[in-house]
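What follows is calculated from the coordinates using simple rules that are stated; it is not laboratory data. None of the values given here were measured: they were computed from a predicted structure. When we count neighbours, we look across all protein chains shown, and the Cβ atoms used for this are built from the backbone with ideal geometry, even at glycine.
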Amino acid sequence: MSTLSIDNVTLAFGGVKALSQVSFEITPGAIHGLIGPNGAGKTSLFNVVSGIYTPTSGSVRFDDHTISDLRLDQINRLGVARTFQNIMVFPELSLVANVMIGRQSRTYASVLQSILRTRHERSERQLAHQRALELLSYVGLDAKADELAANLPYGEQRQLDIARALATDPKILLLDEPAAGLNQQERLSLRKLILKLHDFGYTVVLIEHDIKLVMGLCSHIVVLEYGNKIADGTPEDIQTDERVIAAYLGTGLKNAEN
Ligand SMILES: Nc1ncnc2c1ncn2[C@@H]1O[C@H](COP(=O)(O)OP(=O)(O)OP(=O)(O)O)[C@@H](O)[C@H]1O
Ligand SMILES: [Mg+2]
């Protein structure tokens, strides 16, 4: 199983330190929560791990590779995939096309190019199509494979976004606020899907503001505040941690106990 290690990572934007000497390890096969108030550095950490940003100092290791030196596509090929805080689906394409292009770089020109090119590469296209259908079935959207993504309710667009990330055959999935904007029913579906990913052996890192969801799903939780790691432990450790309670002014964590 693959191990992800964040080692002393600092990410500075001019005078602003989005991350300050953050270190922790992701346990293979576990569901990790990454929490913290707005602006704490959660998305910045995903941006560093997935290769969007190179850390100002420190490194990220994945298995035997120092991935903080690698490009986005190289890191993705090694087995790290992510979703974004804002849903990244192509509304004017079908669900199956959205998943098929999960492997491609995300410009519209390259999407069209890939669709045209694969017309001439029938077997490859058929395989990709088959795999996309399997992934849609996995997230429970196979019945809508040929519909336009634009017609999906918001919660199903989130599920599609996860299928798109799975198309790169990752070992570890970084989910940036997948429950944001979802209603209660959609949250339950998402929770089920994350548990299914876990059962299938994926390692999951979940950024989430819904503390109740995080406490119920994750076996390990890392807490960031102003770019610093302030806690790292089990849900029980986190709920009783003085610094975490102070960071949340007690409110969010109290809710989690109810
Ligand atoms: N590209 C950038 N340029 C300058 N500052 C940035 C950039 N990206 C992030 N920051 C700053 O880094 C800090 C951390 O931002 P980040 O988006 O990682 O927080 P977050 O924990 O994901 O917050 P939220 O819960 O609101 O999504 C913030 O102060 C933010 O303004
Ligand atoms: Mg964020």
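The Cα center of the range 1-71 and the Cα center of the range 177-211 differ in position by 21 Å.
If exposed means no more than 15 neighbouring beta carbons inside 10 Å and the site is in a DSSP loop, what's the longest run of the chain without any exposed GluC sites (Glu not before Pro)?
Numbers: sites that count: 92, 121, 147.
Result for the longest clean stretch: 148-258.
Rounded to the nearest 0.05, the FRET efficiency derived from the C-beta distance between residue 65 and residue 146 at R0 = 41 Å is 0.60.
Report, in deg cm²/dmol and to the nearest 500, the calculated mean residue ellipticity at 222 nm for the chain, where each DSSP H run with n ≥ 4 adds -39500 (n - 2.57) and the sum is divided by the residue count.
On the way: 11 runs with 104 residues, N = 258.
Calculated at 222 nm, the ellipticity per residue is -11500 deg cm²/dmol.
Fully extending the segment from residue 56 to residue 185 would add 42.3 nm, taking 0.36 nm per residue of separation and subtracting the current Cα-Cα distance.
Would you mind calculating the gained length between residue 130 and residue 8 on full extension (0.36 nm times residue separation, minus the Cα-Cα distance), in nm to one decimal? Intermediate results must be reported in sequence, preceding the final value.
Numbers: separation 122, 0.36 × 122 = 43.92 nm, distance 4.18 nm.
In short, 39.7 nm is gained.
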